[in-house]
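The next block holds one structure in the form of structure tokens; read it before the comments.
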Amino acid sequence: MLDLACGNGRHTRLLADRGYPVLAVDRDAQGLAGLRGIPGVTTAKLDLEGDDWPLVGQSFAGIVVTNYLWRPRLADLLALLAPGGVLIYETFMVGNESYGKPSNPDFLLRSGELRTVAALAGLREIAFEEGYTASPKPAMRQAICAVRD
């Protein structure tokens, strides 16, 4: 499993607790440090926004991404999903600027964007949601669960 832009590793911990081996990736060494010693967890401090894609050639049975968007690498990210693999992706969308950060359109999904990107990558949609959420704080969010057949 890959937890991309994992932050402090909330999802990494959940997956590892359920017995999945997880590669937790982030650019923040401090957040990754808190994951050391957790059985089944490997950490990697990587620049996901540089010219070179650091995960090229790798493959994962599952990919989790939350609260992160870097459009130039979306296709590269989805290419990492192995056949039968599951993608869970959730982040902020247009309209979130009314509720706080992020507010830069470069980091806000457009309506239906994850659905379109997943379909173009050949993924089969399992579930999709977008719109306002009150919890854990008011925000505009978009989420998809998809599988590579």
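The values are calculated or read from the model by the stated rules, or taken from the named source; none is laboratory data. All values reported here derive from a predicted model rather than from experimental measurement. Cβ sites come from the backbone with ideal geometry, for glycine too, and all protein chains shown count toward neighbours.
Counting only residues that are within 15 Å of the chain's Cα centre (by Cα), surrounded by fewer than 18 Cβ atoms within 10 Å (Cβ to Cβ) and not acidic (Asp, Glu), the stretch 69-83 holds 6 of them. Which ones in the stretch 97-119 are touching a residue at least 40 places away in the same chain (Cβ under 8 Å) and either surrounded by 14 or more Cβ atoms within 10 Å (Cβ to Cβ) or among the hydrophobic types (A, V, I, L, M, F, W, C) (or both)? Of everything in the stretch 97-119, those that are touching a residue at least 40 places away in the same chain (Cβ under 8 Å) and either surrounded by 14 or more Cβ atoms within 10 Å (Cβ to Cβ) or among the hydrophobic types (A, V, I, L, M, F, W, C) (or both) turn out to be Tyr99, Leu109, Val117, Ala118.
Taking only the stretch 37-77 into account, find how many residues are touching a helix residue (DSSP H, G or I) at 6+ places or on another chain (Cβ under 9 Å), among the β-branched types (Val, Ile, Thr) and either without any contact (Cβ under 8 Å) to a residue 24 or more places away in the chain or more than 21 Å from Glu130 (Cα to Cα) (or both). Residues meeting the conditions: 4. Of the residues Thr12, Thr43, Thr66, the single one that is among the hydroxyl-bearing types (Ser, Thr, Tyr), in contact with a Leu (Cβ under 7 Å, 6 or more places away or on another chain) and under 29 Å from Ser103 (Cβ atoms) is Thr12. Evaluation of Ser135 against the conditions (1) assigned to a strand (DSSP E or B); (2) farther than 19 Å from Arg148 by Cβ shows that the sole unmet condition is (1). All told, Ala16 meets the bar of being modelled with pLDDT of 95 or more, buried (at least 17 other Cβ atoms within 10 Å of the Cβ), of a type in the set (Gly, Ala, Ser) and farther than 25 Å from Phe107 by Cβ.
Are any of the residues in the stretch 92-115 part of a loop (DSSP other than H, G, I, E, B), more than 26 Å from Val22 (Cβ to Cβ) and under 14 Å from the mean Cα position of the chain (by Cα)? Checking the stretch 92-115: at least one residue is part of a loop (DSSP other than H, G, I, E, B), more than 26 Å from Val22 (Cβ to Cβ) and under 14 Å from the mean Cα position of the chain (by Cα).
Among the numbered conditions (1) within 26 Å of Tyr20 (Cβ to Cβ); (2) in a strand (DSSP E or B), the only one that Leu69 does not meet is (2).
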